[in-house]
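Presented below is the structure to which this report refers.
The values are calculated or read from the model by the stated rules, or taken from the named source; none is laboratory data. Being a predicted model, the structure only gives us computed values, none of them experimental. Neighbour counts are summed over all protein chains in view; Cβ atoms, including those assigned to glycine, are modelled from backbone coordinates with ideal geometry. To get the accessible areas, we keep the full protein, side chains included, count just its heavy atoms, and leave off ligands, DNA and RNA. Shrake-Rupley method; radii C 1.70, N 1.55, O 1.52, S 1.80 Å.
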Amino acid sequence: MSTPILFVIVGKNEPLFEAEIDTTSGAAGGNDLSTRQNYFVLHSSLDLVEKSSWTTNNMYLRVVDKVNHQQVSTFLTAGNVKFMLLHGGKGEEVVKNFFNEVYGYYVKLSMNPFYKYDTPISSKSFDTRVRAAARAYLS
Amino acid sequence: MSRAAQSNSTNILDRPLGRSGGRGGSSSDGNYVSLSAFAYIYSELVQYHQGRAASISELERRLESAGYGVGLKVLELVAYRSKETKRETRIMNMLQLVSSSVWKALFGKAADSLERSIDHADEFMIIDYEPITSTFVSVPQDLGQLSADAYISGIIAGVLDGAGFSARVTAHSVELEDGEYSKSNTTGMPPRKDKAVFLVKFSPEVLSRDAALER
């Protein structure tokens, strides 16, 4: 896939983690315009996520928004932290597995007594692992 | 891209979270902690805050905020360990989750009962006959109002807030009535004369949202 994949973790007020994953080259690159547009698309679908977060019990919310040829899939944790993935049409199972793996890392990260809930995630090892999972599941 | 400085201990992101979460006899010691260790640490925590708080209510507030952070993390942990990818969106289900799963994860047993207040529609009570935070604490006369269980009410508030049900939780000691008895008596301690009641008062928007979901 030539379209980069954008993965964002959103808390109550602000994004906690962002990773742009380019599966072809493996490095975070891309021109600025498409990056900004991607962020815009992802954040604009937050309203839809909020709305559906109270109508369903599921953590995995599938595709909440479709823009052009890109889709936004979302996963909600028990603490209402949103994992959002902007991608160009990956399969449901694949995305679900990726979310589950990142969810495991997120819970383990929150076990750190120095990590305050709903604050930006700055751990390098978390970043490495998320990227590795993305490359494993989404390419 | 390999970094030279590799620490000896495993990274927190690599350690297992103890999914068995019970007395399955797993060799990982992440599931059980000694009660005396907890009692010692907790007494130090209370003394630390006591030295810095000017009044009873401030001390209770400090204990509550200490428990709040724990509550937020316990919520995520309990949800992850239960393996079903489901969140709670209704008040009653959320309270059931708190009084059973969260209590089991923290104290090894479910809460003794969950009640709804008759006078106020937004108040619920979780009752525990033997809360570990106050079992080993004796409150002197000049701090008569203090409940050391403020820590647990902070935990409950953290769990509910994290899930989106903002609530005010307070801890009260209520005398045991005749006929009520505490079944689980800590060995070597005299039987308690009171039980801990955690009063959970939800904010109005939580109730209106719950009512809207009812339809």
* **Rounded accessible area of B:Ser36 (nearest 10 Å², 1.4 Å probe)** => 70 Å²
* **Average other protein chain Cβ within 10 Å of Cβ, residues A:120-130** => 2
* Structure fact -> Everything considered on the Cα gyration tensor (a ≥ b ≥ c; rounded for a/c under 1.5, else prolate if a/b is larger than b/c, else oblate), the stretch A:3-139 must be described as rounded
* Hey, how many Å between the Cα centroid of the stretch B:69-147 and the Cα centroid of the stretch A:67-105? -> 31 Å
* **Inter-chain Cβ neighbour average for residues A:78-87, partner chain, 10 Å** => 4
* Asked: Can you give me the relative contact order of the stretch A:49-139 as a percent, contacts being Cα pairs under 8 Å and 6 or more apart?
  -> 20 percent
* To do: Read phi for every residue in the stretch A:131-139 and hand back ³J(HN,Hα) as whole Hz from Karplus 6.51 cos²θ - 1.76 cosθ + 1.60, θ = phi - 60°, with x for Gly and Pro.
  => 5, 5, 4, 4, 5, 5, 8, 10, 10
* Structure fact -> Rounded to two decimals, the Debye log10 I(q)/I(0) of the stretch B:25-148 (Cα scatterers, no solvent) at q = 0.13, 0.15, 0.19, 0.21 Å⁻¹ is -0.69, -0.90, -1.30, -1.42
* **Residues with amide H under 5 Å from that of B:Arg116, placed H, sequence gap 5 or more** => B:Met125
* Asked: Ordering B:Glu175, B:Glu88 by how much accessible area each has at a 1.4 Å probe, largest first, what is the list?
  -> B:Glu175, B:Glu88
* Give me the number: length gained by fully extending B:Ser138 to B:Ser34, i.e. 0.36 nm times residue separation minus the C-alpha to C-alpha distance, one decimal in nm. => 35.4 nm
* Structure fact -> Here the stretch A:43-48 yields Karplus 3J(HN,Hα) values (6.51, -1.76, 1.60; θ = phi - 60°; whole Hz; Gly and Pro given as x) of 6, 6, 7, 4, 4, 4
* Structure fact -> For A:Asp47 the rounded accessible area (nearest 10 Å², probe 1.4 Å, non-protein molecules ignored) is 120 Å²
* Asked: Under the classification rounded if a/c is under 1.5, otherwise prolate if a/b is larger than b/c and oblate if not, where does the stretch B:126-171 fall, given a ≥ b ≥ c as square roots of the Cα gyration tensor eigenvalues?
  -> prolate
* Structure fact -> Yeah, the protein assembly as shown with a ≥ b ≥ c from its alpha-carbon gyration tensor (a/c under 1.5 is rounded, else prolate when a/b outruns b/c, oblate otherwise) is prolate
* Asked: Which cross-chain or sequence-distant (5 or more) residues have an amide H under 5 Å from the amide H of B:Asp122, H modelled 1.01 Å from N in plane?
  -> none
* For the stretch B:132-142, in order, what is each residue's ³J(HN,Hα) by Karplus, 6.51 cos²θ - 1.76 cosθ + 1.60 with θ = phi - 60°, in whole Hz (x at glycine and Pro)? -> 5, 6, 9, 4, 9, 10, 10, 9, x, 4, 6
* To do: Sort B:Lys104, B:Lys86, A:Lys90 from largest to smallest accessible area, using a 1.4 Å probe on the heavy atoms of the protein chains.
  => B:Lys104, B:Lys86, A:Lys90
* Structure fact -> With only helices counted (DSSP H, runs n ≥ 4, each -39500 (n - 2.57)), the per-residue ellipticity at 222 nm for chain A, to the nearest 500, works out to -12500 deg cm²/dmol
* Over the stretch B:98-173, average the accessible area per residue using a 1.4 Å probe and give it in Å², no decimals. => 41 Å²
